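Where a number appears in this text, it was derived from the coordinates with a stated rule and is not lab data. These figures come from a predicted structure and were not determined experimentally. Cβ atoms come from the backbone with ideal geometry, glycine included; neighbour counts cover every protein chain shown.
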Number of protein chains: 2
Amino acid sequence: MNTIENSPLSPTARSTVRRYNDRAASSRQALYDVLDAGLVCHLGFIADGGPVVLPSVYGREGNTLYMHASGAARSARIFAEEAPVCVTVTHLDAIVYARSVYHNSVNYRSAVVHGTGRLLRDEQDKRHGMWVLAEHLAPGAWNYGHEPDRKELARVAVMILDLTEASVKVRNAPPIDHGDDIDLNTWAGLLPVHTHFGTPQPEGRVPDGLPVPEHIRKRQM
Amino acid sequence: MNTIENSPLSPTARSTVRRYNDRAASSRQALYDVLDAGLVCHLGFIADGGPVVLPSVYGREGNTLYMHASGAARSARIFAEEAPVCVTVTHLDAIVYARSVYHNSVNYRSAVVHGTGRLLRDEQDKRHGMWVLAEHLAPGAWNYGHEPDRKELARVAVMILDLTEASVKVRNAPPIDHGDDIDLNTWAGLLPVHTHFGTPQPEGRVPDGLPVPEHIRKRQM
């Protein structure tokens, strides 16, 4: 059976990694890992004949990527029209300092997903999509806070994109200098880039005695 | 005189912020601030009729954005053809926890630049572009390490994009809950997201006694 799970990750030319294809990862798990570690994606679509790239939050469940927007947003229209989109998630892991400036680089992980999405119309499907999005952006918040009501669900556009066609690239290596550039008086190496959560800051009306809930206090990145 | 500096940042419809336009910043300095604080951009272009979004390093000098790629890369071809591109830089600053899941959000800064770029052809122009890129990604590395030689300059594609048309959006605010959702037993607030550099890691052939150079050791983010 030709399910998404056992189909190749990169079935057409546009998603075949061309440059530095030794950096290409082809397993579905590699795709999940990059998507699950991210909080913001970049959504690309075509508007008035030109490319548009907008940042967005997202969520993943199985082989479906979820996004949301105001019902009146351009991105909602693109999904309603089932026009082609590209969604990219990138993590910067280190600045790579080579001895030669030409070989300076970055260590990174990126996933590029191609496809045509669609809008969810059914209220229960939209509620489920909002749950996936909430669990990705703010795990635990759905159970802790107030769920969206029917009016809010009617107002929001919930979009999905199948993870059928994607490419994953990872560079995780020291600097590469060639021949004459290897000189032992020049430092070369990695400067790691770390992203982490800071101290939670309560909104003004939160009473002094109210503790930061565990799903926020214990969150790690 | 209608220079880039005194022209409006967002002269056409495609770069006019539509959603949440109270979050739009219109000064050129706001654009510079977002671009200068970033290390990775997302480059959007059209290939085979569909959108493609790829991560890239970049640099800025005045009102010019510089990027580079292998001479054989798709992105180099897009700039050689002077096809329309969109370059977006996003910083995630905080997860916004509202009392209502529907109002969960993120604090962020983003810049979206539209235009048609071009390839630099002259060797001195390319060398200058590589310097701008190096000073952005790895300030101080150009003077410390080995400069690109003529063969390397011939091999690399250096692309420029004028900062003529751009939009900047910033959300920097506490969560917003409405009416019934304001309940004093539910925590709401911000979970800041910080990005910083870690401890430099020397490449294997760096002698034990060689100190990490100051331009790397002192780097802050």
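Observations, loosely collected:
- Gyration tensor (alpha-carbon) shape descriptor, the stretch A:158-221, a/c threshold 1.5: oblate
- Here the 3J(HN,Hα) profile of the stretch A:210-221, calculated from phi with Karplus coefficients 6.51, -1.76 and 1.60 at θ = phi - 60°, is 6, x, 5, x, 4, 5, 9, 4, 8, 5, 10, 8 Hz, Gly and Pro shown as x.
- Around the amide H of B:E203, modelled in the peptide plane, lie the amide H atoms of A:A188, A:G189, A:L190, all under 5 Å away and 5 or more residues distant in sequence or on another chain.
- The sum of -39500 (n - 2.57) across all DSSP H runs of n ≥ 4, divided by the residue count of chain A, sets its helix-only mean residue ellipticity at 222 nm to -5500 deg cm²/dmol.
- Between the C-alpha center of the stretch A:34-68 and that of the stretch A:174-221 there is a gap of 23 Å.
- Computed from phi, the 3J(HN,Hα) profile of the stretch A:65-72 under the Karplus parametrisation 6.51, -1.76, 1.60 (θ = phi - 60°) reads 9, 10, 9, 9, 7, 4, x, 9 Hz, with x in place of Gly and Pro.
- Number of partner chain Cβ atoms within 10 Å, mean per residue of A:37-46: 6
- Of the residues A:H91, A:A134, A:G44, the one whose Cα sits farthest towards the positive end of the charge dipole of chain A is A:G44 (charges of +1 on Lys and Arg Cβ, -1 on Asp and Glu Cβ, taken about the Cα centre).
- Of every Cα-Cα pair in the stretch B:13-217, the percent that sits beyond 29 Å: 40 percent
- Kirkwood Rh, Cα atoms: Rg over Rh of the stretch A:100-152: 1.27
- GNM flexibility winner over chain B from B:S100, B:S27, B:S56 (Cα, springs under 10 Å): B:S100
- Along each principal axis, Cα extent of the stretch A:22-133, largest first, Å: 56, 33, 21
- Karplus 3J(HN,Hα) series, Hz, for the stretch A:79-88 with 6.51 cos²θ - 1.76 cosθ + 1.60 (x for Gly, Pro): 6, 4, 7, 6, 7, x, 10, 9, 10, 10
- Over 29 Å between alpha carbons, listed pairs A:K169/B:K151; B:K126/B:K169; A:K218/B:K218: B:K126/B:K169; A:K218/B:K218
- Computed about the Cα centre, the dipole magnitude for the stretch B:121-221 is approximately 540 debye when only Lys and Arg (+1) and Asp and Glu (-1) carry charge, each at its Cβ.
- Residues whose amide H falls under 5 Å from that of A:R219, counting only those 5 or more places apart or on a different chain, are absent, with hydrogens built in the peptide plane.
- Considering only B:R171, B:R155, B:R118, the mean-square fluctuation computed in a Gaussian network model of chain B, springs between alpha carbons under 10 angstrom, is largest for B:R155.
- Rg to Rh quotient for the protein assembly as shown, alpha carbon positions, Kirkwood Rh: 0.97
- Dipole magnitude (debye, nearest 20) for the protein assembly as shown, charges at Cβ of Lys, Arg, Asp, Glu: 360 debye
- Length available on full extension from B:R150 to B:Q29: 0.36 nm per residue minus the Cα-Cα distance, which gives 40.0 nm.
- Spin-label pair A:A37/A:N143, simplified geometry with 7 Å Cα→Cβ offset, distance in nm: 2.7 nm
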